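Some notes on the structure that comes next.
The values are calculated or read from the model by the stated rules, or taken from the named source; none is laboratory data. Fair warning: this is a prediction, and the values are worked out from it, not measured in the lab. Here the Cβ is made from the backbone with ideal geometry for all residues, glycine too, and neighbour counts use every protein chain on show. Side chains are part of the model used for accessible areas, which takes the heavy atoms of the whole protein and leaves out ligands, DNA and RNA. Shrake-Rupley method; radii C 1.70, N 1.55, O 1.52, S 1.80 Å.
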Amino acid sequence: MPKHNSLLRTKTSSFFSSCFLYAAGTSASFLLAWAFWSFFSSPAPSANPSFSRGLASEAALSCPAGKAGHNRSYDPPDPTFYDDPELSYTIEKTIKNWDEKRREWLEKHPSFAAGAADRILMVTGSQATPCKNPIGDHLLLRFFKNKADYCRIHGYDIFYNTVLLQPKMFSFWAKMPAVKAVMLAHPEAEWIWWVDSDTAFTDMDFTLPLDRYKAHNLVVHGWPHLIHREKSWTGLNAGVFLMRNCQWSMDFMEEWASMGPQAPEYDKWGVIQRTTFKDKTFPESDDQTGLAYLILKEREKWGNKIYMEDEYYFEGYWMEIVGTLENITDAYTGIEKRERRLRRRHAERVGESYGKVWEEHLKDAGYGRGSWRRPFMTHFTGCQPCSGDHNQMYSGQSCWDAMQIALNFADNQVLRRYGFVHRDLLDTSTVPPLPFDYPASDLVGGAS
């Protein structure tokens, strides 16, 4: 969900938002559910070090012979943590010994244990009521389709929610209760990937470099020097994050959520945040500044396990991205004209192999600002597609047009595998068919 404080964000603060990965070689299709934005509560930091490396990597379990994929039709009668009447999915209730509980569940469900170390589940959501903006619900549907496309292409599951799981945790705070509930509902997932509703995937081939994060439990888009030296609350963005499903995360979310509107010290935290980060202008405690505070002030306890990703657009500010998409399209089309392998028609299920071919030609493209590589994720912070209450530094029309361009840019990467493309990125409904060997051959009706 977009945040009111994101309206103040500048281009230099463009930043940081899963899915549940199917085991290799499986033919199972992915699950679609609903859930809202959020985070959750828990106890003091765990002494169990297993999740610094990842719990699933320790459970060296294999799928039983003759059972390819996940066995969704059988839940053994042996008791698990789900049978504990004290278990609560709410943000207020502390979860203890989560690493051990997950491990035991995976041992009882070996078909899910194989490949669990890299399994991702994406979480996103929107409000329970219709949007005030007349085109808001249409835009949210398109943003959701974009996420569902990305998850389908890469074999992830996605959970979408439209309710407040803690009524007092409104707006950007709402993601915390949802993330906690998802962790408990999906012990088979190693990573929970929160992605704000106003964020679009604009490179459908790129995948998260999970090996880079193996010693960390939380990944956000940000710049350490802006937090530690400049003490700026815009040194990161909490609208997209990747969190390991482990006890450390349960503990961290409990401390993070203690700054929220449901907590007795909510007003106090607003004062502390403004005192610590001088460029924060509004008085209320918010999740983004709260995260920056924990990184700045609690480095040993929390910060050392938080990876601030600044090498690619883990989420990127739309104002610095959308204007580059036309030139990026031309650059990629030029590569396709030279590389026959990329023009070959293929099933969507094997699309990741073509992503590897793309990488052969993108070694000099760079990442992030100034790159001609497709930006991984584009975040429309400040546009408020549902309410329409956009930042006054730009017009509503510029937001809506930019969303259309980015979503159609991404959609072309999807539709291409179905034999069509949007000829005009501002025309959502018109898609001419592609001739064989496109783009070496001409596009019917012209191309853009």
Provide a single number: the residues in the stretch 273-302 that are charged (D, E, K, R) and assigned to a helix (DSSP H, G or I).
3
Being at pLDDT below 95, surrounded by fewer than 22 Cβ atoms within 10 Å (Cβ to Cβ) and among the β-branched types (Val, Ile, Thr) narrows it down to one residue among VAL431, VAL414, VAL444; which is it?
VAL444
Unique match (being within 20 Å of GLN288 (Cβ to Cβ), at pLDDT 95 or above and crowded, with 24+ Cβ neighbours inside 10 Å) among ALA174, ALA189:
ALA174
Among (1) outside any loop (DSSP other than H, G, I, E, B); (2) within 25 Å of the chain's Cα centre (by Cα) - the single one THR428 does not satisfy:
(1)
Among (1) in a loop (DSSP other than H, G, I, E, B); (2) of a type in the set (D, E, K, R); (3) at pLDDT below 95, which single condition is LYS356 missing?
(1)
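Rundown of residues vs (1) loosely packed, with under 13 Cβ neighbours inside 10 Å; (2) in a helix (DSSP H, G or I), yes/no style:
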site: ILE321; (1), (2): no, yes
site: GLY334; (1), (2): yes, yes
site: LEU342; (1), (2): no, yes
site: GLU360; (1), (2): yes, yes
site: ALA365; (1), (2): no, no
site: ARG373; (1), (2): no, no
Tell me which residues, restricted to the stretch 55-92, are at pLDDT 95 or above, surrounded by 14 or more Cβ atoms within 10 Å (Cβ to Cβ) and either basic (Lys, Arg) or over 21 Å from GLN262 (Cβ atoms) (or both).
THR80, PHE81
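Condition test on GLY351, is it open to solvent by less than 30 Å² (accessible area, probe 1.4 Å) and either touching a Phe, Trp or Tyr at 6+ places or on another chain (Cβ under 6 Å) or within 23 Å of TRP193 (Cα to Cα) (or both)?
Details: open to solvent by less than 30 Å² (accessible area, probe 1.4 Å): yes; either touching a Phe, Trp or Tyr at 6+ places or on another chain (Cβ under 6 Å) or within 23 Å of TRP193 (Cα to Cα) (or both): yes.
Criteria met by GLY351.
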Using beta carbons and a limit of 7 Å, which pairs, at least six apart or on different chains, have the first residue in the stretch 126-154 and acidic (Asp, Glu) and the second one part of a helix (DSSP H, G or I)?
ASP149/VAL414
Tell me yes or no: at least one residue of the stretch 97-105 is at pLDDT 95 or above, in contact with a Pro (Cβ under 6 Å, 6 or more places away or on another chain) and either basic (Lys, Arg) or within 18 Å of ASP157 (Cβ to Cβ) (or both).
yes
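Return the residues of the stretch 95-127 that are aliphatic (A, V, I, L, M) and in contact with a strand residue (DSSP E or B) (Cβ under 9 Å, 6 or more places away or on another chain); say none if nothing qualifies. Walk me through it before giving the result.
Within the stretch 95-127, the subset aliphatic (A, V, I, L, M) is 95, 106, 113-114, 116-117, 120-123.
Answer for the stretch 95-127, where residues must be aliphatic (A, V, I, L, M) and in contact with a strand residue (DSSP E or B) (Cβ under 9 Å, 6 or more places away or on another chain): ILE120, LEU121, MET122, VAL123.
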